[in-house]
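What follows is calculated from the coordinates using simple rules that are stated; it is not laboratory data. Predicted model, so just to flag it, every value in this text is computed and none were measured. Glycine also receives a Cβ, built like all others from the backbone with ideal geometry; neighbour counts cover every protein chain displayed.
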Amino acid sequence: MKHIHFLFFLLLLISCKNDTAFYKHELTESAYQFFEIDNERDTILRSKEGVTIHIKKNTFSDEGAIKLRFAAILSKADMIEHQMYTVDQDGGMLESGGMFQLQNMSSPDEPFNKAVRLEIPAEYVNNKMTKYTLANPAEGLAWTNSGQDIDILHTKDMNRGKKLFNKHCTMCHDADLRKDLTGPALGNVHLHRSEEWLVQFTKNSGKLIAEGDLVANCLWFEWNKSVMPSYPSLSNQEIINIYKYIANESQKQKISRNEVSFTQTCDTTAIKTAESSGDRSQQHSHYSNPIYEIILPDAQWTNIDYLLKFETEITPIKLEMQTPYKDLTIMLSFQERNTVIPFETSKETPGTYQLLNFRNYEQITFPIGEKVNIIAHAGEPIKYFKVIEYTPKKQDNVIKLSLDIGSQKQFIQAIERL
Ligand code: HEC
């Protein structure tokens, strides 16, 4: 009888080990930044990623000097290197605006006496972002929605601009900023025209044309001599707000700098930059990036995310490894999203890996047509790794894979390009 108990215990141990091994989330030392603060004073820290950390005095129970460690996982490369995934507790895919953890090194599990505020620079505003936490790390790296919205600073102007744009401009200009309609597409127009010019042109483009402005005349000529309406009633600030919105939306829609071809037809900034190189940075300063603000009540991981929902169902992506590797990790990252999801070993067919799907559906939903990267790696300090580009199909998502040999440095370089 005793033997049977022992056997059960052993089995339990083995199964636990298998489950948790995959979700390893303890980061290597290099992922952390270390600070020492005086607990008797308010402190503002700035991480190397540009995250501002506001700590009130007596946030921690210890007296005097406190050693802190802080981790910010912002990019896909960081996620892949440190095996942090963007999957929620139901198996849903998340897109992350960043994952954060602040710990008092002498008592890492103790809740803070006062909440710590983080300000996180973002490339663009995504209003759908919510706060996720890692409620029970021992159960795996699955994020739980805290139901709390994230405050986004510096967005009032942008939201006002959006309203004005929709009211006055989208009848002629594509709301998605990419297509030419009655008027030209405006994606990234702020990178090709000065702010002052945009204000004057929007107020009264006819006046600029009459005054002989080169760009206005070029546009007028290229656009079959049609003149767009004047907006004398809009204030300078209101017009700037419209372009703040356009700037943010261009980033959000991932429109690359020169994608909208019409903006370049009459681009004179190339000449301007040659004349004075300082001009350009000033010209863009009004389109400063938004900042996400989150509150950390304790030292657990916090993630800014939104839940991705796709329509199309595909058969799960399966990988067949040509050779077995020790400590193999395989993950998938979207090329156009800050999303990293792990593959898990198939229980039926050893050597086969399947895109993680907690819900255990036969089919998974996926954005058909979007490109992903599949990254497999094993071993240290000599690395075996492979990064492949893949476009998931509705069926037959079976990939045969073998790894190449390289150094840790080469591996990091490869994932930083993703
Ligand atoms: C009735 C249609 C119409 C409306 C409404 C309209 N536009 Fe235009 N827009 C045009 C046309 C046509 C052009 C092409 C050039 C021209 O007319 O001089 C243009 C050109 C532009 C350009 C220059 C693009 C470039 O490449 O430099 C900007 C900027 C612009 N519009 C902004 C706006 C904004 C902002 C609004 C709303 C406040 C707006 N437009 C409303 C028709 C329109």
³J(HN,Hα), Karplus 6.51/-1.76/1.60, whole Hz, each residue of region 296-303, x for Gly, Pro = 9, x, 7, 8, 7, 5, 10, 10
Calculated [θ] (222 nm, deg cm²/dmol) that DSSP helices of n ≥ 4 give over the chain, each run adding -39,500 (n - 2.57) = -7500 deg cm²/dmol
Distance violations [Cα-Cα > 27 Å] among LYS76/LYS252; LYS179/LYS225; LYS252/LYS309; LYS203/LYS244; LYS56/LYS254 = LYS56/LYS254
key: Relative contact order [Cα under 8 Å, 6+ residues apart], region 312-416, whole percent   = 34
ask   = How many angstrom separate the Cα center of region 52-126 from the Cα center of region 367-406?
value = 29
message = Please report the antiparallel percentage of DSSP beta bridges with both residues in the chain, rounded to the nearest 5.
response = 95
Residue-wise HN-Hα coupling along region 200-205, computed from phi with Karplus coefficients 6.51, -1.76, 1.60 (Hz; x: Gly, Pro) = 5, 5, 5, 5, 7, 5
inquiry  = Apply the Karplus curve 6.51 cos²θ - 1.76 cosθ + 1.60, θ = phi - 60°, to the phi angles in region 402-409 and return the couplings in whole Hz, x for Gly and Pro.
reply    = 9, 9, 9, 9, x, 9, 4, 5
inquiry  = Viscosity 0.890 mPa s, temperature 25 °C: what is the translational diffusion coefficient of the chain from Stokes-Einstein with a Kirkwood Rh over Cα pairs, rounded to a whole number of µm²/s?
reply    = 99
Count, lysine Cα pairs under 17 Å in region 312-416, 8 or more residues apart or across chains = 15
request  = Check cross-link reach from LYS163 to the aspartates and glutamates: straight Cα distance under 16 Å, and skip same-chain residues fewer than eight apart.
outcome  = ASP174, ASP176, GLU238, GLU249
request  = Would you please put 386-399, 43-56 in order of how densely packed they are, using the mean number of other Cβ atoms within 10 angstrom per residue and starting with the highest?
outcome  = 43-56, 386-399
